Amino acid sequence: MNYDPRFAAVCGDARLPLHRMGRLIQKKPPELAQDVDAEWDAPTLRGLLGSRLASDQIIVVSNRQPFSHEVVAGEVKLTQPASGLVTALEPVVRACNGTWIAHGSGEMDRVFVDDADRWSAPSDNGTYQLRRIWLTPQEQQGHCDGFSNSGLWPLCHMVHVRPAFEEADWQHYKAVNTRFANAVIREARGQDPIVLIQDYHLALVPALVRAQLPLATIVSFWHIPWPHPQQMGLCPWMDELMHGLLGSDIVGLQTGQDARNFADLAARVGGRVIHGDSAEVLHGDRTTQVRNYPISIAWPTATAAAALPSVKSCRRAAEKQWLLPSEGRLIIGIDRFDYTKGIVERLHAFEELLTNRPQWHGLVRFVQVAATTRAGLKEYKDFQGQVRAQVARINAKFKSLGSEPIVLLDWHHDRAALNKLYRAADVCLVTSLHDGMNLVCKEFVAARDDEQGVLVLSQFAGAADELSEGLIVNPYHSAQVAESLHQALSMPKDEQRRRMRSLRSTVKSANVYRWAARMLTDAAALRSPVSPQGSHLLHGSNRLTVNLHAHHIMESA
Ligand code: GDG
């Protein structure tokens with residue numbers, strides 16, 4: 001075993017065998033390590049909850065709600081937002097009948113809640129409770145548009161948009177986080193619920209909940225990237241945000257690099273840290289585990305897959321709608337209309353493809369869905385205007401026989417329409433400049449049960465760590481993206497099948513139920529008198545948790 005001096009900072013001398021460092025209380029039950037690698041779906045996740053967390057209450061907290069009640073063409077309609085967080089979490093909450101606390105942002109949301117501001121959302125076996133929080137327009141502006149989306153969002157994405165930090169927005173951020181924390185405390189049925197806090201809008205909630213419910217098991221998940229400490233240190237209130245997040249028992253991030261960056265910053269703000277993909281931060285008398293849990297999608301059930309329209313019919317509909325010859329090719333992009341998604345860069349690369357490879361003129365359509373998002377913010381308006389102008393310019397340049405190569409669909413689509421596009425496409429193009437994970441690429445793979453279609457994927461999306469059978473590109477390198485597009489458009493069917501088969505096997509097993517199961521298993525381990533994560537040691541007056549991952553880091557350092 002190699003010696004890691006960082007470990008000594010936490011546990012004394014790491015060279016000592018565990019039993020000599022303190023009094024060994026519990027040992028790891030062997031079966032859990034296998035569980036997390038098992039095949040996960042909604043029923044197995046429910047089984048985990050039933051067996052390991054049977055009497056425990058699960059409360060999910062996010063700014064974004066899974067459903068809103070909106071007025072569409074004079075009628076109230078239940079709509080699901082274009083949001084990766086909702087795509088991932090909704091099937092999990094549906095499976096475990098938790099309580100979901102979120103901002104009631106829909107026009108008609110207040111009409112549908114009961115006296116306790118709850119609405120019953122459909123779940124796999126009955127309903128789950130959506131508890132809505134109300135915000136004033138000023139709070140929404142300061143908390144969401146301001147500090148969260150104009151400050152933290154650009155701060156965490158390396159995309160060269162200047163983050164804006166305003167004192168007034170910060171005050172709203174604190175007030176709204178307190179509101180969410182109070183709602184958790186009111187919704188808690190006992191002293192020790194499991195609270196799953198989602199994303200950068202709610203970084204202060206963990207410590208606020210901890211202060212009122214010290215026995216709660218709090219897991220925070222950060223859906224967007226966590227860059228290096230110098231970048232994060234630009235935020236004037238980063239110490240407060242870190243203090244808030246370290247109220248969690250576990251902080252989950254998308255990638256190993258994000259987790260290492262978080263742990264590095266925790267060390268700078270005074271925590272004592274064991275570094276690695278999985279680290280522990282000791283601060284005061286508490287420990288926070290830092291782990292990466294790559295998020296995913298719910299793999300379609302056999303019934304859901306059978307209900308999809310055939311690939312052939314999707315293809316025919318697309319050919320008809322966009323005047324695409326039958327020997328032609330369809331490239332799709334599906335995103336929120338956000339500057340982090342690299343839409344300008346992908347248009348540039350597409351233009352380069354048409355310039356350098358004229359054989360594709362008239363034979364290729366690029367259909368870009370860009371769902372309306374954050375349209376009130378100036379950076380978004382400017383960016384969206386820039387994209388529209390770029391589309392018009394490229395279309396004017398390459399228009400042929402009445403058809404234009406790029407189709408920009410800049411509105412919200414329903415899930416059925418997105419699935420048709422996924423199934424009709426030859427290529428799915430994801431060129432995020434920086435992305436926590438990116439679920440669009442996983443949805444594309446899940447939709448292709450014909451094992452055809454090529455994924456072109458940015459190296460700066462968290463998903464690139466897992467989906468290496470895609471064509472991985474640097475979105476800033478337009479010539480490289482153009483060549484990868486050419487390679488994708490020309491790829492023989494056998495090669496498509498081989499790559500797609502491998503991608504499907506990865507996404508099928510690393511699905512969102514597994515993501516939730518890994519987190520909940522870790523949470524259960526912290527609650528259980530038997531810690532399946534590692535051994536609890538009494539060491540002087542401190543209880544130290546030596547987890548197996550830390551141990552592994554020590555061995556491999
Ligand atoms: C954040 C992180 C991370 C898109 N257009 C429409 C629509 N969508 C859906 C897609 C997909 C979701 O929105 C987008 O998910 P992403 O993961 O690509 O991106 P973010 O929303 O930025 O999500 C991201 C994610 O959280 C999860 O942790 O992967 O990195 O930024 O599901 O299909 N959905 C509907 N209409 C549309 O027009 N209904």
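The values are calculated or read from the model by the stated rules, or taken from the named source; none is laboratory data. Fair warning: this is a prediction, and the values are worked out from it, not measured in the lab. All Cβ positions, even for glycine, are placed from backbone atoms using ideal geometry, and neighbour counts span all protein chains on display. Calculation scope for accessible area: heavy atoms of the full protein, side chains included, ligands and nucleic acids excluded. Shrake-Rupley method; radii C 1.70, N 1.55, O 1.52, S 1.80 Å.
Scanning region 336-385 for residues being part of a helix (DSSP H, G or I) and among the β-branched types (Val, Ile, Thr) gives a total of 4.
When residue 362 is tested against the conditions (1) open to solvent by less than 40 Å² (accessible area, probe 1.4 Å); (2) away from the ligand (no atom under 16 Å from the Cβ); (3) small (Gly, Ala, Ser); (4) in contact with a helix residue (DSSP H, G or I) (Cβ under 8 Å, 6 or more places away or on another chain), the lone failure is (4). Considering only residues in region 370-387 that are more than 16 Å from the ligand (Cβ to nearest atom) and exposed (fewer than 13 other Cβ atoms within 10 Å of the Cβ), the one that is farthest from residue 345 (Cα to Cα) turns out to be 376. Scanning region 409-465 for residues that are more than 10 Å from the ligand (Cβ to nearest atom) and either under 19 Å from residue 153 (Cβ atoms) or in a strand (DSSP E or B) (or both) yields 427, 428, 429, 431, 433, 454, 455, 456, 457, 458, 460. The selection criterion, being touching a helix residue (DSSP H, G or I) at 6+ places or on another chain (Cβ under 6 Å), at pLDDT 95 or above and within 30 Å of residue 373 (Cα to Cα), holds for residue 295. Against the conditions (1) within 16 Å of the ligand (Cβ to nearest atom); (2) within 20 Å of residue 206 (Cβ to Cβ); (3) modelled with pLDDT of 95 or more, residue 133 satisfies every one except (1). Among the residues making up region 468-482, those that are surrounded by 24 or more Cβ atoms within 10 Å (Cβ to Cβ) and either under 25 Å from residue 223 (Cα atoms) or touching a Ser or Thr at 6+ places or on another chain (Cβ under 6 Å) (or both) are 470, 473, 475. In the set 195, 209, only one residue is open to solvent by less than 10 Å² (accessible area, probe 1.4 Å), at negative phi and not in a helix (DSSP H, G or I); that residue is 195.
Inclusion of residue 78 among residues that are of a type in the set (A, V, I, L, M), free of Cβ contacts under 8 Å to residues at least 24 places away in the same chain and in a strand (DSSP E or B) is warranted. For residue 143, are the conditions met, namely being surrounded by fewer than 16 Cβ atoms within 10 Å (Cβ to Cβ) and under 22 Å from the mean Cα position of the chain (by Cα)? Taking the combined requirement at face value, the residue does not satisfy it. Of the residues 300, 309, 294, the single one that is away from the ligand (no atom under 16 Å from the Cβ), part of a loop (DSSP other than H, G, I, E, B) and of a type outside the set (Asp, Glu) is 309. The set of residues from region 87-118 being surrounded by fewer than 20 Cβ atoms within 10 Å (Cβ to Cβ) and either touching a helix residue (DSSP H, G or I) at 6+ places or on another chain (Cβ under 6 Å) or within 29 Å of residue 335 (Cβ to Cβ) (or both) comprises 105, 107, 108.
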